[in-house]
Amino acid sequence: MFEKIIGNEKNKSILEKSIEIKKTSHSYLFWGIEGIGKKLIASEFAKKMLCLEPENKECRCKSCIEFESGSNPDFIMIEPEDGKIKIDQIRNLQRKVAEKPINSNKKVYIINDSDKMTTEAQNCLLKTLEEPPEYLTIILICSNEYSMLSTINSRCTRMHFDNLETNQIKKFLEEKYPETKFSEKIIKLSQGSIGKTLQLNQKTQLYENIENLFDSFKTKDLIDITSIAEEIYNEKEEINSVLEYMNILALEFSKKDIRYINSIDIIEDTKKRLQANSNYDMCVDNLLFNIWYLFQK
């Protein structure tokens, strides 16, 4: 079922066994960082639950064909709209729930990024989770389980998905993107997420500039440093990844110059300031000045 999806073998085995013995739950909560295959596994699991010939590994039944074409009437994938999953989306789901399955003896609904449900939407969904029809399975996918109401958490079969190992990511990238170069630092920065690796690799110039910046703290004056760092001022949405990359560089550069190790405290302090909604440009100014000053002593 999951042959083409890497990682999280234990979870895949549990889900495969539940299909085999025909004992699937009415509700699941798949949680873990973004980009590790939760949605892929949920989709394959849903497809198999709806399959009319689940014992057939190469099944081409009506349900599977329609699932692959995105037209299976017994399946719905709900995604955030404008960054949120709203109560109207859940109410529409509930109207569909009331309709009996058409192709299969089950209906499966996936709510992706379910941690982006509004509180009203979560409370609305709770009614369905409390008294689901026999034929229904709902799979919630999230990165932050603590954004979910405890009453929803308690009604789901919770499955934590582990970050992928570095060698798994490398193997996947080599097979799927043989002509694309991925630096070791970018893979490390992705923290076990293929999705994040691909996202970060689209901004290789930004991270090369940050490495150049770190190399310049010892030799450039503050005006030059600010000029080199200009791109950081324009990357407010990427600042968390930028700061994590700086931490990686600080550890690497400290092998040749121990002064770099002290920049980690400065970077972590910047994270706290930004989390406290301090002025963005001032936080970056402070970050650059304090790291630069380490090398003026």
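FYI, it's all coordinate maths here, none of it is from the lab. All values reported here derive from a predicted model rather than from experimental measurement. With ideal geometry, Cβ positions are generated from the backbone for all residues, glycine too; neighbour counts draw on all protein chains shown.
A few comments on the model shown:
- Rounded tilt (10° steps) of 204-216 against the dominant C-alpha axis of the chain: 30 degrees
- Put a plus charge on the Cβ of each Lys and Arg, a minus charge on the Cβ of each Asp and Glu, and nothing anywhere else: the dipole of the chain about its Cα centre is then about 980 debye.
- Modelled FRET efficiency - R0 45 Å, GLU235 with ASN123, Cβ distances, 0.05 increments: 0.75
- To the nearest ten degrees, helix 9-20 and the longest principal axis of the Cα atoms of the chain are 10 degrees apart.
- Estimated from helical segments only, the mean residue ellipticity of the chain at 222 nm is -15000 deg cm²/dmol, where each DSSP H run of four or more residues counts as -39500 (n - 2.57).
- Considering only PHE45, SER18, ASN8, and ranking their Cα positions along the charge dipole of the stretch 1-133 that arises from unit charges at the beta-carbon of Lys, Arg, Asp and Glu, the one farthest toward the positive end is SER18.
- Dipole in debye (nearest 20) - the stretch 181-274, about Cα centre, beta carbon charges: Lys, Arg +1; Asp, Glu -1: 300 debye
- Low-density loop positions, GluC sites (Glu not before Pro), the stretch 64-117 - DSSP coil, at most 14 other Cβ in 10 Å: GLU99
- Packing, as the average of other Cβ atoms within 10 Å across residues, places the peptides 167-179, 7-19 in the order 7-19, 167-179, highest first.
- Extreme residue, positive dipole direction of the stretch 203-294, given options ASN262, LEU249, LEU288 (C-beta unit charges): ASN262
- Applying the Karplus relation 6.51 cos²θ - 1.76 cosθ + 1.60 with θ = phi - 60° to the stretch 232-243 yields 3J(HN,Hα) values of 5, 4, 9, 10, 4, 5, 9, 4, 4, 5, 4, 5 Hz, where x marks Gly and Pro.
- FRET efficiency for GLU179 and LYS100, using Cβ-Cβ distance with R0 set to 41 Å, rounded to 0.05: 0.25
- Against the main long axis of the alpha-carbon atoms of the chain, helix 119-130 sits at an angle near 40°.
- Phi angles across the stretch 93-104 convert, under the Karplus curve 6.51 cos²θ - 1.76 cosθ + 1.60 with θ = phi - 60°, into 3J(HN,Hα) values of 4, 5, 5, 5, 4, 5, 7, 6, x, 9, 8, 10 Hz, Gly and Pro given as x.
- Equivalent ellipsoid, the stretch 1-119 (semi-axes from 5 times Cα gyration tensor eigenvalues, Å): 23, 19, 12
- Across the cross-link table entries LYS23/LYS107; LYS86/LYS203; LYS10/LYS38; LYS4/LYS57, which are compared at the Cα atoms, the separations over 21 Å belong to LYS86/LYS203.
- Fraction of beta bridges assigned by DSSP in the chain that are antiparallel (%, nearest 5): 5 percent
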